[in-house]
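Notes for the one structure printed next.
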Amino acid sequence: MSVLLDVADLHVHFTLRRGLFGQEKVIVRAVNGVSFMLQPGETLGIVGESGSGKSTLGRALLRLVPATSGNMRLDGREITKLRGRMLEFRRDVQVVFQDPYSSLNPAMVVADIIGEPLTLHHGMRGAARDARVGDLLEQVGLGRHQLERYPSEFSGGQRQRLAIARALASEPRVIVCDEAVSALDVSTQSQVINLLEDLQAQTRVAYLFIAHDLAVVRHISHRTGVMYLGRMMELGPTERLFEAPAHPYTRKLLDAVPVLDPAVQKRRKAARRNLPVVELPTPTRLPAGCVFHTRCPHVMDVCRHEVPEPVPVQGGGWVACHLQSSGPKLAGRPLDALG
Amino acid sequence: MLRLIVSRIVGLVPLLLIVSILTFGMLHLVPGDVRERILGFEATPEQYEALGRQLGLDQPFLVQYGRWLGRALQGDLGTSYFNSQKVTDAVLGALPVTLSLTFGGMLVALAIGVPAGVWAGLNRGGRVDRIAMFMATVGQALPNFWIAMLLLIPFAIWWQLVPATGFTSPAESIGDWLRSILLACIALGTSASAALARQTRGAMIDVLQRDFIRTARAKGLSRTSITYKHALKNAAVPVITTIGFQVNALLSGALIVEQVFGLRGVGSLVIESVRTQNIPMVQGVVILGTLVIVSVNVLVDIAYGWVNPRVRAS
């Protein structure tokens with residue numbers, strides 16, 4: 001297996017200053033020791049609730065926020081410490097953001113929005129550049145004769161296609177999709193997802209697909225990682241992870257998705273009402289040991305003191321949970337084996 | 001764009017009518033009799049009557065206004081009560097002084113305010129930002145006539161680099177003209193530059209947080225390109241609005257500051273006219289002032305269209 005992107009023990013911490021004169025420093029551990037690999041042509045979904053650090057992970061990978069420690073390698077090249085404009089790296093890693101309104105400069109026409117990376121990375125200008133922009137527009141399913149139009153003349157779904165065309169322009173190896181379809185309505189979502197899949201088949205680009213919509217992630221991702229409070233709790237092949245989750249947090253996350261059967265949904269709601277009310281931890285005050293222990297239904301003594309190490313899971317992937325290693329020793333069997 | 005300009009000019013007509021009725025009405029409510037001022041206290045009642053008929057003051061309010069309006073539509077805003085000077089001549093003679101100050105003050109404000117705001121916005125929370133915003137607070141708090149006096153003492157009195165009073169027309173000597181208005185423009189531009197710096201900073205911070213700026217960084221665009229090609233034009237919209245407001249503020253500020261420097265502009269003219277109840281003169285100043293301000297607003301709208309394609313399309 002060839003590795004395109006290798007992220008090892010990545011930390012991204014922010015320092016907040018609180019108090020009247022900023023004398024009190026608070027450290028936010030947005031990403032707290034995350035490791036994963038990405039292969040060419042692969043889609044890795046990243047799910048997790050708000051504040052789990054999934055967007056920060058994407059931004060650190062884009063080098064929009066500095067990594068506090070850890071390593072990121074692209075094709076074996078160290079990219080964590082690159083300085084200056086890092087043009088080669090910028091060409092290889094591109095981004096599609098969530099909001100197609102804020103992500104396109106309203107004062108520029110399509111030819112310039114999509115053409116800018118062409119000029120920057122491939123030195124294209126004039127008619128050659130316009131021709132290439134036309135090709136890219138067709139590739140994302142928009143007509144090629146829209147060069148002189150402004151973003152405001154397009155619908156939300158079309159604007160997201162423009163953002164995708166812009167990301168493709170530099171011919172990147174990796175595209176970070178940060179909630180790239182979350183702002184679109186459902187029918188447009190599926191069109192854009194199909195487009196992303198088609199483009200991947202053509203160009204072998206890899207996606208880091210960050211989303212909170214589990215159905216979308218399940219559809220598009222080859223593998224999925226589950227983040228909670230800056231940590232990766234479980235990562236594995238998408239089907240295995242959704243069918244046989246190995247981490248109690250993954251289980252809870254999947255259970256939070258409403259089901260179509262009203263009777264089942266009613267039972268779930270009742271069960272959820274019986275859950276203990278706990279104060280949710282924040283990335284400024286992380287629980288000791290396993291970060292999930294304050295909300296875990298299977299919490300054991302060891303969870304409060306020791307951070308669980310990742311162990312392999314039957315069916316592929318890995319999980320970081322004491323149930324799997326030092327507790328009842330599920331030893332890689334799915335959580336349902338607890339009975 | 002053309003439709004926008006035409007519609008603004010058409011909208012000007014009712015606005016000018018309302019403004020003229022209001023000033024005409026208010027001046028009639030001012031206590032005192034203008035005939036006394038012209039003739040003095042020793043005149044006979046017959047002389048009063050005759051003058052009243054001559055000026056049309058014996059007619060009802062609406063007839064007086066109608067007569068004025070009829071002449072105004074033909075470009076004649078009347079004649080001063082006290083000498084035979086035409087109102088239009090008096091106002092057009094005073095206007096260059098006031099407009100020099102207004103636009104000079106605007107240039108000073110733009111030269112200081114916009115770069116300071118852009119710089120502060122790019123370095124949000126940094127030392128430059130904090131110093132600039134502190135200066136902006138001070139600049140907005142100081143009254144412009146006081147700044148004018150503070151500038152006069154060293155530059156005009158101690159070192160005599162510029163004349164303390166008096167206006168030289170640019171037709172006579174560009175250098176002397178600049179020297180005669182320089183201090184006044186700085187005094188005027190200070191508070192406007194503070195307001196502009198604040199707006200520019202806010203607009204920059206707002207734009208820099210948008211995703212297309214993040215994308216531009218992820219593309220590998222240099223910081224300079226991002227600032228010039230992506231950020232500035234989008235930050236310009238609220239700044240242009242502020243410039244429009246500030247022109248109006250500068251125009252009224254100029255009326256006061258020109259007193260400090262003994263420049264005989266529209267300010268002197270209007271204060272003198274109000275004091276002597278020289279109704280045609282006041283009316284003329286207000287009407288022409290309204291025209292200037294509305295023209296500035298139309299220019300602002302055109303500038304909007306230039307920076308914001310959505311306005312252009314509609």
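Taking the stated definitions as given, is A:Arg83 assigned by TED's automatic domain parsing to the domain that holds A:His212, of a type outside the set (Asp, Glu) and in a strand (DSSP E or B)? No: the conditions fail for A:Arg83. The set of residues from the range B:29-85 being among the aliphatic types (A, V, I, L, M) and under 28 Å from the mean Cα position of the chain (by Cα) comprises B:Leu29, B:Val30, B:Leu69, B:Ala72, B:Leu73, B:Leu77. If you go through the range B:66-102, how many residues are of a type in the set (Phe, Trp, Tyr) and buried (at least 16 other Cβ atoms within 10 Å of the Cβ)? Residues in the range B:66-102 being of a type in the set (Phe, Trp, Tyr) and buried (at least 16 other Cβ atoms within 10 Å of the Cβ): 2 in total. Scanning the range B:203-217 for residues that are over 21 Å from A:Val174 (Cβ atoms) and within 7 Å of chain A (Cβ to nearest Cβ) yields a single hit, B:Arg210. Of all residue pairs spaced 6 or more apart or on separate chains, those with beta-carbon atoms under 8 Å, a first member in the range B:149-166 that is polar (S, T, N, Q) and a second member that is assigned to a loop (DSSP other than H, G, I, E, B) are B:Thr165/B:Phe261; B:Thr165/B:Gly262; B:Thr165/B:Leu263. Taking the listed residues A:Pro283, A:Pro237, A:Pro262, A:Pro248, the one that is surrounded by fewer than 16 Cβ atoms within 10 Å (Cβ to Cβ) and of a type outside the set (Phe, Trp, Tyr) is A:Pro262, with no other qualifying. Being touching a helix residue (DSSP H, G or I) at 6+ places or on another chain (Cβ under 6 Å), without any contact (Cβ under 8 Å) to a residue 40 or more places away in the chain and under 30 Å from A:Leu64 (Cα atoms) is a property that does not hold for B:Ala197.
Yes or no: A:Leu57 part of a helix (DSSP H, G or I) and away from chain B (no Cβ under 14 Å)? Considered against the rule, which asks whether it is part of a helix (DSSP H, G or I) and away from chain B (no Cβ under 14 Å), A:Leu57 comes out as yes.
Filtering the range A:166-213 to residues that are part of a helix (DSSP H, G or I) and crowded, with 20+ Cβ neighbours inside 10 Å leaves A:Arg166, A:Ala167, A:Leu168, A:Ala169, A:Gln189, A:Val192, A:Leu196. A:Gly141 meets the conditions (1) free of Cβ contacts under 8 Å to residues at least 12 places away in the same chain; (2) on the phi > 0 side of the Ramachandran plot in every case but one. The failed one is (1).
Results for (1) over 20 Å from the mean Cα position of the chain (by Cα); (2) at pLDDT 90 or above; (3) more than 16 Å from A:Leu38 (Cα to Cα); (4) away from every other protein chain (no Cβ under 14 Å), shown as yes or no for each residue.
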{"residue": "A:Gly143", "(1), (2), (3), (4)": "yes, no, yes, yes"}
{"residue": "A:Arg161", "(1), (2), (3), (4)": "no, yes, yes, yes"}
{"residue": "A:Arg166", "(1), (2), (3), (4)": "no, yes, yes, no"}
{"residue": "A:Ser170", "(1), (2), (3), (4)": "yes, yes, yes, no"}
{"residue": "A:Val186", "(1), (2), (3), (4)": "no, no, yes, yes"}
{"residue": "A:Arg204", "(1), (2), (3), (4)": "no, yes, no, yes"}
{"residue": "A:Leu214", "(1), (2), (3), (4)": "no, yes, yes, yes"}
{"residue": "A:Val217", "(1), (2), (3), (4)": "no, yes, no, yes"}
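With respect to the conditions (1) within 30 Å of A:Asp9 (Cα to Cα); (2) facing another protein chain (nearest Cβ under 8 Å); (3) not aliphatic (A, V, I, L, M), A:Glu153 falls short on a single one, namely (1). Screening B:Met135 with (1) over 24 Å from B:Leu22 (Cβ atoms); (2) within 18 Å of the chain's Cα centre (by Cα) gives one miss only, at (2).
Of the residues making up the range A:297-339, those that are at pLDDT 90 or above and of a type in the set (A, V, I, L, M, F, W, C) are A:Val307, A:Val311, A:Val313, A:Trp318, A:Val319, A:Ala320, A:Cys321. Being touching a residue at least 24 places away in the same chain (Cβ under 8 Å) and not in a helix (DSSP H, G or I) is the requirement here; does B:Gly104 meet it? In short, no.
Has the range A:102-122 got any residue that is surrounded by fewer than 17 Cβ atoms within 10 Å (Cβ to Cβ), in contact with a Phe, Trp or Tyr (Cβ under 6 Å, 6 or more places away or on another chain) and without any contact (Cβ under 8 Å) to a residue 24 or more places away in the chain? No, the conditions are met nowhere in the range A:102-122. In the range A:90-113, of all residues being under 24 Å from the mean Cα position of the chain (by Cα) and more than 8 Å from chain B (Cβ to nearest Cβ), the one that is farthest from A:Ser155 (Cα to Cα) corresponds to A:Asp92. Total residues in the range A:64-89 satisfying the condition of being within 8 Å of chain B (Cβ to nearest Cβ) and touching a helix residue (DSSP H, G or I) at 6+ places or on another chain (Cβ under 8 Å): the figure is 2. Out of B:Val300, B:Val285, one residue alone is buried (at least 17 other Cβ atoms within 10 Å of the Cβ) and of a type in the set (A, V, I, L, M). It is B:Val285. Residue count for the range B:218-234 under the criterion of being within 7 Å of another protein chain (Cβ to nearest Cβ) and either part of a helix (DSSP H, G or I) or surrounded by fewer than 20 Cβ atoms within 10 Å (Cβ to Cβ) (or both): the result is 6. Condition check: in contact with a Ser or Thr (Cβ under 6 Å, 6 or more places away or on another chain), of a type in the set (A, V, I, L, M) and outside any strand (DSSP E or B). Does A:Ala67 satisfy that? For A:Ala67, the condition - in contact with a Ser or Thr (Cβ under 6 Å, 6 or more places away or on another chain), of a type in the set (A, V, I, L, M) and outside any strand (DSSP E or B) - is met. Considering each residue of the range B:242-261 in turn, none proves to be within 14 Å of chain A (Cβ to nearest Cβ) and small (Gly, Ala, Ser).
The values are calculated or read from the model by the stated rules, or taken from the named source; none is laboratory data. On a predicted model such as this, the values are computed, not experimentally measured, just so you know. Note that we place each Cβ from the backbone using ideal geometry, even for glycine, and neighbour counts take in every protein chain shown.
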